[in-house]
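This report refers to the structure that appears directly beneath it.
Quick note: the coordinates plus some simple rules give every number you see, no bench work behind them. Not measured: the values here are computed from a predicted model. Because the Cβ atoms are built from the backbone with ideal geometry, glycine has one as well, and the counts that use them run over all protein chains shown.
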Amino acid sequence: MATSEKAPEAGLIGRPLEFKGGKVAPNRLAKAPLEETLARTGGGPPNHAHFELYRAWARGGWGLIITGNIAIDPLHLGTPWDVVIPYDEQSLAFFKGAMKRYADACTGRDQPDVVNPKSRPLAVVQLVHAGRQSMRGSGRGITAPALAPSAVPMSTMGNFGPIGKLFDHLLWGPVAAMTTEQVHQLRDRFVQAALICAEAGFDGVELHGSHGYQLAAFLSPRTNLRTDQYGGSAKNRARLLLEIVDLVREKVKDDFIIGVKLNSSDYVQGGLTEEDALLNVKWLAETGKVDFVEISGGNYENPSFVMEGFDSEAEKVKLEKLSSKTASANSKSDPKATGTGANTVQGAGVDPTSKTTARTGKREAFFQNFARRCRSSLPADSRLKIILTGGLRSRHGIASAINPDDGAADMACLGRPAAVFPSLPLRLTDTSIPDSSPEAGTPEYKVPAVTSLALVPIKIIGAGWGTLWHTFHMAQTVLNQRADASKSTWSLINDYTKTGATQTGFKESNDDWFMLAVMTVIPMLACIAVFVFGSRSSSS
């Protein structure tokens, strides 16, 4: 019979985590925010499908559950099937009622016979504004521009020259710089959304300031070219986020958790640097009002972070080489230019003196180096906890990441494994399973076709397929199907078409086939066209 002496890592992961305000997570495992795409077409309130999915995660033994993003603005959706907070009062009243049911599902309060109220998971809502990453027509007119800190268009296919720019324009649409009044309206929408979550019974909110969404766009020097109080310096770029934090904390109880998801780097030339990111963490900690920062990285313009084999150190090296080429080209075209190379490298988020970290064993904890820098910079009595996401799979990897002596974080956040195995924490924290046992960690699985798609020069295709495949598995949970990573793709797709739900029941399946076509066929056809026409133009 195995004992806890044979599973010290399981015991470490199973330790409770108390936040400054008094809320306690029963263990160190957080379910990462995942886009469920289960709301009705055009966006809507959480529904039966969401409740079923999150009830399963509540039963699964997670210490903290962070919901998929809830859009604070119905005119800027990330996908056409986001949960979205409406404008009009009548719809808002219905939405608030749905949110209470959502909170009960996430915390397990609606199944007290299964989820012990004394050791239930904490439930936090991720709030988002998609900004310039809201596709054309996503909640607004097809010709209406997306609002962003500055009028910097999306560039996911820039490698294909003019044809790539054309398709980017067709997919994402125009971008308009926000007025100061619109920035204040955005700030107030975030505050209103947080208060709705608190009233509904959630334990907290997470402000999505990562992956290129609106708050991240304000933080990044590449996408924030403003010269007013919300741009021009790193502190000014962080002003909007800090104002939202201040206003939310003023209006909620001290035990209400406020978290922020931040990039360690954008991994795009001229984007957020690690030094900028460290400053953002420092300023959030100094407020004494933020309970955690979830560390991630990347955006839609470089979605490598959601692809197989991602290596943050390797991404830095790529940026350094690209920056060196740019600096060399600039110096040749302008011999009087001085210091360009150093500035470009720093702008790309790379320390010129750093060396690529040697990797051994299975690659996990993509952003661990940066998270460790964050944690070591905080005072011992800081309110701020560090949550690390990205690549964590094994019990050993998780335990190493949260080791109290030399670990990088206070909590480990798992996304894709949670989509496939909703009860994974029960396995990771089971001290009757020795740490050395193959049964101790996440079961091995592979996403079909992902290796082939990784060869496609448009990264967003491979990244999108991996995300979609895991979305299909969340649909399995909605339908109360057994976790099975080997299930055929066709079966997954067929089941997915049965999961679109409303408050009263399931939608007609043909509506979901339409959803699936929009999510897969149309974007892939556009990308194939870019590849074909781009190749022809480059060869001519």
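Things to note:
- 3J(HN,Hα) couplings calculated from phi for region 173-181 with the Karplus curve 6.51 cos²θ - 1.76 cosθ + 1.60 (θ = phi - 60°) are, in sequence order, x, x, 10, 10, 6, 6, 7, 4, 4 Hz; Gly and Pro show x.
- Exceeding the 29 Å Cα-Cα cut-off - candidates LYS96/LYS165; LYS165/LYS235; LYS31/LYS487; LYS6/LYS289: LYS96/LYS165; LYS165/LYS235; LYS6/LYS289
- Straight-line cross-link partners of LYS261 among the aspartates and glutamates, defined as a Cα under 17 Å from its Cα and at least 8 positions apart when in the same chain: GLU35, ASP203, GLU206, GLU243, ASP246, GLU274, GLU275, ASP276, GLU286, ASP291, GLU294, ASP410.
- Close amide H pairs (under 5 Å, H built 1.01 Å from N) link LEU17 with ALA25, ASN27, residues at least 5 positions away or on another chain.
- Cα pair count fraction exceeding 19 Å, expressed as % - region 13-144: 52 percent
- Packing-based ranking, highest mean first, of 182-193, 415-426, 214-225 given that Cβ atoms within 10 Å are counted: 214-225, 415-426, 182-193
- From phi via Karplus (6.51, -1.76, 1.60), per-residue ³J(HN,Hα) for region 126-139 in Hz, x at Gly/Pro: 7, 10, 9, 10, 6, x, 5, 8, 8, 5, 3, x, 7, x
- Put simply, the amide H of LYS385, placed in the peptide plane, has neighbours under 5 Å in PHE292, VAL293, leaving out anything fewer than 5 places away on its chain.
- ³J(HN,Hα) computed for each position of region 479-491 - Karplus, 6.51 cos²θ - 1.76 cosθ + 1.60, integer Hz, glycine/proline x: 8, 6, 7, 5, 4, 8, 6, 8, 4, 5, 4, 4, 5
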